[in-house]
1. What ranking do MET159, MET290 get, fewest neighbouring Cβ atoms within 10 angstrom at the top?
2. If you plug each phi of segment 88-95 into the Karplus form 6.51 cos²θ - 1.76 cosθ + 1.60 with θ = phi - 60°, what whole-Hz ³J(HN,Hα) values come out, in order, with x for Gly and Pro?
3. Would you tally the net charge around SER298, using a Cβ to Cβ cut-off of less than 14 Å, leaving SER298 out, and scoring K and R as +1, D and E as -1?
4. Taking segment 133-245 on its own, what percent of its Cα-Cα pair distances exceed 20 Å?
5. GNM, the chain, Cα, under 10 Å: largest mean-square fluctuation among GLU175, GLU20, GLU60?
6. Taking each pair of different alpha-carbon atoms in the chain once, compute 1/r for the pair, average those values, and report the inverse of that mean as the Kirkwood hydrodynamic radius in Å to one decimal.
7. Considering amide H positions built from the backbone, and no H for Pro or chain starts, which residues 5 or more places from TYR152, or on another chain, come under 5 Å of its amide H?
8. In segment 111-196, which trypsin sites (Lys or Arg not before Pro) are in a loop and have at most 12 other Cβ atoms within 10 Å, using DSSP for the loop call?
Amino acid sequence: MELLQKTDNIQEDMLKGFEEKINRGDAIEPKDRMPDGYRKHLIRQISQHAHSEVIGMQPEGNWITRAPSLRAKQILLAKIQDEGGHGLYLYSAAETLGVSRDEMINQLHAGKAKYSNIFNYPALTWADIGAIGWLVDGAAIVNQVSLQRTSYGPYSRAMVRICKEESFHQRQGYEIMAKMMSGTPDQREMAQDAMNRWWWPSLMMFGPHDSESPHTGDAFRWKIKRHSNDELRQKFIDKTVQQAEVIGLTIPDKDLKWNQAAGHYDHGPINWDEFYRVIGGNGPCNKQRMAHHTAVHSEGAWVRAAAEAYRLKKEKQILHQ
Ligand code: FAQ
């Protein structure tokens, strides 16, 4: 009985210390004591974020050999490599919470961990590469700038680094769209078609409306999220509408209009049935994306085995020095 009471007191002290730290706005670091719920919440979010970066290489990777110029190909290659790097920072940040990379990948392959809805759509034309850079990276930046101030130190530091690269990604996408919009009628039509297909899934990237978002409560309490899904979506819409106007693209939303009183654009309803279908595994490319990831992961087993053998060899050498 006394032991139980002691354990309860330790738990309470730990929680109090943790919450005081969060409320002061201090970062939580890997060796700090933290409630299980906080740790699990972060593992879920950071691992899903990492999976998104890596799976996100697929739609663009499809266009490396078909880029319309050497310059475009070099830029696309650099961008895709950056996305792979982002995945690696994020897997490392999640590992500091006590989960292994293998466990995270297994959860992805078993369908227990999600990745962003957006990467389950096909990149059909070169204009889609523009739309991905401009809209998808543009949406990712709005979310990630906010996450730079997230309460977990390693996640927040990864976001600072990632945001620097994402802003280049967004600009390269916008450049492709702007170039196509100043081209032939066929090129303009292609750019508008890409805009029509990527706009709504990009809005879905911010997650369900706040009223339907089960994780937002804890995320705010623990300062993991600093802005809600709807706040960030609105921010993205407001900045993107103006960019579209400058190059002559039309936002495919007949209900979109400026709301003077609110100081933002009102938008039409989002198709949440489509969102839940896609994140539930039944989007246009889910099966293809997972099949590719699983195949490449198993083909790469020898690289992981070689790296492990090298690590063991080095460890032995150090022991015998
Ligand atoms: N897709 O309660 P909430 C990029 C799930 S990086 C799939 O609102 P939360 C770079 C959610 O997981 C893009 N699932 O959840 C790039 C939960 O299900 P669960 C990735 C989604 O966590 C560009 C359920 O719905 N960025 O694009 C999505 O509070 C170009 C309920 O949702 C990040 O991951 C979705 N869009 O808020 C790479 C940012 N939204 O886990 C290559 C970090 C929600 O219970 C090329 N993540 N769900 O099974 C976050 O900020 C948050 O996790 C949210 C969701 C805002 C995504």
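1. Values: MET159 24, MET290 17.
Ordered from fewest to most neighbouring Cβ atoms within 10 Å, MET159, MET290 come out as MET290, MET159.
2. My calculation for segment 88-95 gives 5, 4, 6, 4, 5, 4, 5, 4 Hz in order.
3. Values: positive: ARG304; negative: ASP102, GLU299.
Within the 14 Å Cβ shell, the charges total -1.
4. Details: 2949 of 6328 pairs.
Result: 47 percent of Cα pairs exceed 20 Å.
5. Of the options given, GLU20 has the highest mean-square fluctuation.
6. Numbers: mean 1/r = 0.0464 Å⁻¹.
The Cα-based Kirkwood calculation yields 21.5 Å.
7. Those qualifying (amide H under 5 Å, at least 5 residues apart or on another chain) are ILE28.
8. Working: sites: LYS112, LYS114, ARG149, ARG157, ARG161, LYS164, ARG171, LYS179, ARG188; in loops: LYS112, LYS114, ARG149.
Counting only loop positions with at most 12 other Cβ atoms within 10 Å, the trypsin sites (Lys or Arg not before Pro) in segment 111-196 are LYS112.
Rule-based calculations on the coordinates, nothing more; no lab input. No experiment lies behind these values; they were computed from the predicted model shown. With ideal geometry, Cβ positions are generated from the backbone for all residues, glycine too; neighbour counts draw on all protein chains shown.
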